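I have placed the structure first, in the form of structure tokens, so that the comments after it can refer back to it.
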Amino acid sequence: MQRYFAKMQTVFDWNDLKFFLALSRLKRMTAAGRALGIDQTTVARRIRALEKSVSAQLFIRDEAGYALTPAGERLLPIAMEVERSSTRVHEQIVGEAGRLAGTVRIGAPDGLGTYVVTPLLARFQRDNPDVDVALVVRSRQFQMSHQEVHLSLDLTLPTSGRLLARRMTDYHLHFFAAPDYLRRYGRPERLRDLRHHRLVGYIPEMLFSDELRYLEDLGITAPVGFASTSMIAQREAVREGAGLAILPRFMALDDPDLEPVLVEDYVLTRTVWLLSHQSTEDLARVRAVSDYLQQVARKERHRFLIP
């Protein structure tokens, strides 16, 4: 392999780094091509050209797609610095016109991403039409050091890395059920009554955060009859009468097909943290989105918390 790269070495083209960064973040040629507005064969060709120019294999295939080799890991921070420098040049020029521009990638779990972040980002973009928003909805931790996203909404504070954390909002969660389910099975009056009811919740062994162990926090050991990694799927299951579930108020309270249950005695509180990496903190468009999300969340506390 080394002899092959030595023979095929070509002139380095720094434009190939954007293909390298897209594939390192998205893991698949097709996804990288869509993000760059080109076909996957072009991505593959530019990656091969980059590997030849640096005389090293940068990716290997695994079950998740394309993973970085040791050489790719060494190139990654250099490529990200080139990307940041290019962005700063653009921002300084655009800044003279007094407007924000560029792409901001935001990562969030499905419930927060769909019911909280999406409407807020749509409003932000209405006032800042030159900012392109890319919302990545995924139930897992994001690789901030790889700049997979610029901002991430998380339920836990980071324990390592060059990450900055800001409290976006606290929110309340409690039991909800469909009106028809309560008519058929009765309304529980206390926590021990739940042993006679069906429950909807997460798949315990597939939780991406300990903050999602709602039933355990309440000491409930009854089995979950309908389980999903998606909070949106849980909400829909409850609406269809599959059982009771602990849901955030921001995605259930205004739904006529859901009724609050046991609110007087059993309410959980969680915190949404807005995470960013130190390397992208100085980008004007990233700061603007971060500030906007925090400001609106403070202004609309009634959506998240019981008065």
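The values are calculated or read from the model by the stated rules, or taken from the named source; none is laboratory data. A quick note: this is a predicted structure, and the numbers were derived from the prediction, not measured. Don't worry about glycine lacking a Cβ; one is built from the backbone with ideal geometry, like all the others, and counts go over all protein chains shown. Note: accessible area is taken over every heavy atom of the protein model, side chains too, but ligands, DNA and RNA are not part of it. Shrake-Rupley method; radii C 1.70, N 1.55, O 1.52, S 1.80 Å.
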| Which residues, counting only those in region 24-81, are of a type in the set (Asp, Glu) and in contact with a Gly (Cβ under 8 Å, 6 or more places away or on another chain)? | 39
| task | State which residue is surrounded by the fewest Cβ atoms within 10 Å (Cβ to Cβ) when the search covers only region 62-80 and only residues that are modelled with pLDDT under 90 and not in a helix (DSSP H, G or I). | result | 63
| query | Does at least one position in region 81-103 carry a residue that is in a strand (DSSP E or B), out of contact with any Pro (no Cβ under 6 Å at 6 or more places or on another chain) and at pLDDT below 90? | reply | yes
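For region 196-306, list the helices (runs of 4 or more DSSP H) that sit wholly inside it and hold at least 1 residues that are open to solvent by 10 Å² or more (accessible area, probe 1.4 Å) and at pLDDT below 85; which are they? Explain how you work it out, then say what you get.
Details: elements: 214-217, 231-239, 284-299.
Ranges flagged: 214-217, 284-299.
In region 14-25, is there at least one residue being open to solvent by 30 Å² or more (accessible area, probe 1.4 Å) and under 25 Å from the mean Cα position of the chain (by Cα)? Give the steps one after another, and end with the answer.
Keep residues of region 14-25 that are open to solvent by 30 Å² or more (accessible area, probe 1.4 Å), which gives 14-15, 18.
Imposing the further condition that a residue be under 25 Å from the mean Cα position of the chain (by Cα) reduces the set to 18.
Yes: one or more hits.
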